[in-house]
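The values are calculated or read from the model by the stated rules, or taken from the named source; none is laboratory data. As the structure is a prediction and not an experimental result, all values here were calculated from the model. Neighbour counts are summed over all protein chains in view; Cβ atoms, including those assigned to glycine, are modelled from backbone coordinates with ideal geometry.
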Amino acid sequence: MKVGEHPSNPLLKALHRLHAEPLIMSIVNIAALNEAKLETDPFPHFCVPNFLSKEDVAKAISDFPQIEHGGLFPVETLTPGSFFTKIIGEVTGPEVAEAVGRKLGLTLTGMDTMLTIRGRARAKDGQIHTDATFKKATLLLYLNEGWSHAGGRLRVLRSNNMDDYTAEVAPEGGTLFGFQCTDNAWHGHLPYEGVRRYIMCNFVEDKAMLKRELARHRMSARLKSLGRMVGIG
C-alpha cells in the first residue's frame, strides 16, 4: 500500500521504511478483523471493537499528535510519536489491505491511500454524507478512552435522515469501522464538541484526485497553524 506522496517528509520516510521490509503485525488484531461480520444493510460495512488492545490504545493516546483545531489533518503535517507511527504503518500495511479487500470483495492491496487524522470534533461536524466516489473503501480507527456521550456516535444510515439508521458505532478506543464507498453509503453523527480522535485511511484509485484532496487538506492545516500563531481560533 502506498502512503502519501512526499517521502522526504520524516514521518512518511519512517512509513516507507516500515513497508520496505516484511512487517511484523504486533499491534493491530488481524484475527479480529478477519472474524468480523460483514453487514450489507444498507451498504457493505463492518466493525471490529478490539482491533487494538486497551493497553495499546493508552499508548496511542499518549503518543497522539497535538491537535488544537477541528478538521482533518494529513498525517505528514503532524508530528506523532514512534508508537503512533507504528500503528499507522500496520494499518496501511498489506495484511490489513488484503483482509479488508477480501471482506469487501475489492482489490485494495497496492492501492494508494490517503491518511488523515482528527483530534477534535466541532459542533458542525458529523453532517450526513457519502464519501467521494474516488475513494473505494474507508477505515476509521478510533483512539478515545471511552465514550459516554450521545453525540459523536457514527450512524450507518439508509438515507440522508439521521434517524433512519441500522447501526450506531461508539468511537471508543481500539474500535475499527470500515465500509465500501458506495453511492448509498450515508453516514454521520449527532453533534458533539470536544476531543474525538481517529485515524482515517481511504483507499484511492484516482491519483489526480488524491493529490488534489491532499493539497486541500494541507492548505487547511497551514491556515489553521497560521491562525494559531497570530491568535486566531
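Structure summary
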| quantity | calculated |
| --- | --- |
| Single residue of Gly101, Gly119, Gly105 found to be touching a Ser or Thr at 6+ places or on another chain (Cβ under 8 Å), modelled with pLDDT of 95 or more and small (Gly, Ala, Ser) | Gly101 |
| Selected residue [closer than 20 Å to Gly71 by Cα, in contact (Cβ under 8 Å) with a residue 40 or more places away in the chain and of a type outside the set (Gly, Ala, Ser)] from Thr138, Thr182, Thr166 | Thr138 |
| Criterion (assigned to a helix (DSSP H, G or I) and either modelled with pLDDT of 95 or more or more than 16 Å from the chain's Cα centre (by Cα) (or both)) met by exactly one of Met200, Met219 | Met219 |
| Some residue of the range 78-90 being under 24 Å from Asp183 (Cα atoms), in a helix (DSSP H, G or I), more than 14 Å from the chain's Cα centre (by Cα) and free of Cβ contacts under 8 Å to residues at least 60 places away in the same chain | no |
| Residue that is farthest from Ala97 (Cα to Cα) [pool: residues in the range 109-128 that are surrounded by fewer than 21 Cβ atoms within 10 Å (Cβ to Cβ) and among the small types (Gly, Ala, Ser)] | Ala123 |
| Failed item, numbered, when Gln66 is tested on (1) over 24 Å from Arg153 (Cα atoms); (2) loosely packed, with under 15 Cβ neighbours inside 10 Å | (1) |
| Residue in the range 123-142 that is farthest from Lys86 (Cα to Cα), counting only those that are of a type in the set (S, T, N, Q) and at pLDDT 95 or above | Gln127 |
| Qualifying residue in the range 32-46 (condition: touching a helix residue (DSSP H, G or I) at 6+ places or on another chain (Cβ under 6 Å), surrounded by fewer than 20 Cβ atoms within 10 Å (Cβ to Cβ), assigned to a loop (DSSP other than H, G, I, E, B) and at pLDDT 95 or above) | yes |
| The range 143-168 - residue that is of a type in the set (Gly, Ala, Ser) and either part of a loop (DSSP other than H, G, I, E, B) or modelled with pLDDT under 95 (or both) and, of those, nearest to Pro42 (Cα to Cα) | Ser159 |
| Residue match in the range 34-51 (condition: aliphatic (A, V, I, L, M) and in contact with a Pro (Cβ under 7 Å, 6 or more places away or on another chain)) | yes |
| Residue check, Gly71 crowded, with 19+ Cβ neighbours inside 10 Å and touching a His at 6+ places or on another chain (Cβ under 9 Å) | no |
| Only one of Ala123, Ala137 that is hydrophobic (A, V, I, L, M, F, W, C) and either part of a loop (DSSP other than H, G, I, E, B) or over 22 Å from Phe203 (Cβ atoms) (or both) | Ala123 |
